Every structure is written in structure tokens, then in C-alpha cells.
Amino acid sequence: MKSKGLLVVLSGPSGVGKGTVRKALFDTDHDRNQFFYSVSATTREARQGEVNGQDYFFVSRSKFEQMIEEEQLLEYAEYVGNYYGTPLAYIEDMTMQGKDVFLEIEVQGALQVKRRMPDGVFIFLAPPNLGELETRIVNRGTDAPDVIAKRMEQARGELQLMTQYDYVVENDDVSKAVENIQTIIQAEHLKVDRFIDDVVENYLDEGETN
């Protein structure tokens with residue numbers, strides 16, 4: 001039996017380490033789960049070391065708004081003055097082929113995805129505490145003080161939304177966070193409702209013919 005691929009959505013406050021955990025997960029599971037990463041589009045400037053088409057698709061504001069108008073996005077949100085969004089066609093194609101697709105997106109976008117694809121696996125990556133979150137954002141060295149203040153204000157509101165998710169994973173230690181996410185995904189693959197159509201076709205129908 002082969003179930004439809006999973007849509008795994010990892011999100012949480014800015015600075016919580018979503019990208020770090022996602023990269024560590026992919027490195028760890030490269031030969032086991034073969035995740036497919038759905039690259040998001042954004043209008044923000046690329047940070048040092050980020051690669052267009054690998055970390056994000058960096059597009060102009062006018063191009064992004066064209067994508068919205070043409071309904072090419074599964075979700076999109078404006079966050080701290082920039083758009084972020086997820087192209088739709090890639091996800092639908094991969095999951096129908098039985099392949100797992102991994103999204104690393106902001107909280108607003110994750111909740112939009114949940115409304116459109118409620119059978120996805122939604123994981124909230126949480127910081128150990130707000131003080132640690134602010135330290136990580138400051139140490140990143142990419143944001144001015146006023147932007148950091150906006151991110152922290154946003155984070156407080158986003159932490160209250162974790163009840164909308166299926167799972168919460170604390171990112172105090174990256175390797176432990178990766179291990180917990182692996183456990184979640186393995187369990188999700190074994191849920192009966194992901195195999196029910198195959199069960200009916202391969203077992204119950206066969207029993208009726210004997």
C-alpha cells in the first residue's frame with residue numbers, strides 16, 4: 001500500500017529557527033524519507049548566503065501581486081512589509097505522486113493552508129522562551145531595532161495561535177527538534193485514514209469475491 005504523500009507544514013515566529021531545523025531534517029533524512037521542499041516566493045531582499053530558487057524565489061512586488069491575481073498561490077501573507085507565498089501546482093502534483101512535500105512558512109500562511117488543505121500535518125516550532133527568541137533575532141544581525149521590535153510583537157501574537165496546529169515542537173536543541181519531527185511524520189504515515197481507500201480496494205473487496 002502506498003498512501004498519498006504528506007503535506008508537512010512547519011511554521012512559527014520569525015527567528016525561531018525554522019530554516020535551520022528544516023535543513024537539518026533534510027540532511028538527516030536525505031536517504032530515508034526523500035522530502036521535497038516547496039520553495040516559497042517572497043518580495044523581501046535576499047539575506048547573505050541565500051540562493052534564489054533554493055531558499056526562496058525572490059520576486060518583485062508587482063510580480064507577486066500578479067501571482068495572487070492569477071491564483072497561482074496556495075497561500076500568501078504580508079509580513080513586516082513583505083509578501084510571502086506558496087506556489088500551488090507543485091504541491092498538488094507531488095502529493096498525488098505519493099511524495100512528501102515540506103513547507104516552511106510564516107504562521108499567517110500556515111493557517112491559510114490549513115483551511116484549504118486540512119489533511120496536512122501542521123507543526124508549530126516554538127522557542128524555549130521569548131527572551132531566547134529575541135536573542136536569536138538580534139544575533140542574526142539582519143534587522144534594524146525597529147524591525148526587531150515589530151517581529152517580537154508579532155511573535156507574541158503568533159505564540160497564542162499554536163492551538164490551531166496539530167503538534168508543537170520546541171526548538172531548544174536542533175537535533176532533538178529534528179528527532180521529534182521525524183517521529184511525528186512516521187506516525188502520520190501510519191494513520192488508518194491515509195490508507196482507507198486502499199484498504200477497501202485491496203482487502204474488503206477481495207474478501208467479497210472469495
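Here are the numbers for the structure shown:
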{"quantity": "Residue selected from region 18-41 under the condition among the small types (Gly, Ala, Ser) and surrounded by 19 or more Cβ atoms within 10 Å (Cβ to Cβ), by the criterion modelled with the highest pLDDT", "calculated": "Ala41"}
{"quantity": "Search result, residues across region 105-152 that are in contact with an Asp or Glu (Cβ under 6 Å, 6 or more places away or on another chain) and not aliphatic (A, V, I, L, M)", "calculated": "Gly109, Gln112, Phe122, Pro128"}
{"quantity": "Selection within region 99-150 - at positive phi and either under 18 Å from the mean Cα position of the chain (by Cα) or of a type in the set (A, V, I, L, M, F, W, C) (or both)", "calculated": "none"}
{"quantity": "Residue in region 115-124 that is of a type in the set (Phe, Trp, Tyr) and outside the structural domain of Leu6 (by the TED database) present", "calculated": "no"}
{"quantity": "Residue within region 52-62 that is outside the structural domain of Gly141 (by the TED database), part of a helix (DSSP H, G or I) and not polar (S, T, N, Q) present", "calculated": "yes"}
{"quantity": "Any pair with Cβ under 6 angstrom, 6 or more apart, that starts in region 141-155 at a residue that is assigned by the TED database to the domain that holds Gly131 and ends at one that is among the β-branched types (Val, Ile, Thr)", "calculated": "Ile148/Ile137; Lys150/Val80; Arg151/Ile137"}
{"quantity": "Subset of region 158-202 that is farther than 26 Å from Gln112 by Cα and hydrophobic (A, V, I, L, M, F, W, C) - its residue that is modelled with the highest pLDDT", "calculated": "Val174"}
{"quantity": "So Glu65, is it within 30 Å of Gln186 (Cβ to Cβ), open to solvent by 40 Å² or more (accessible area, probe 1.4 Å), of a type in the set (Asp, Glu) and not assigned by the TED database to the domain that holds Ile184", "calculated": "no"}
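The values are calculated or read from the model by the stated rules, or taken from the named source; none is laboratory data. In this text the structure is predicted, and so the values were computed from the model without any measurement. Every residue, glycine as well, gets a Cβ built from its backbone with ideal geometry; the counts of neighbours run over all protein chains shown. What goes into the accessible areas is simple: the full protein's heavy atoms, side chains included, and nothing from ligands, DNA or RNA. Shrake-Rupley method; radii C 1.70, N 1.55, O 1.52, S 1.80 Å.
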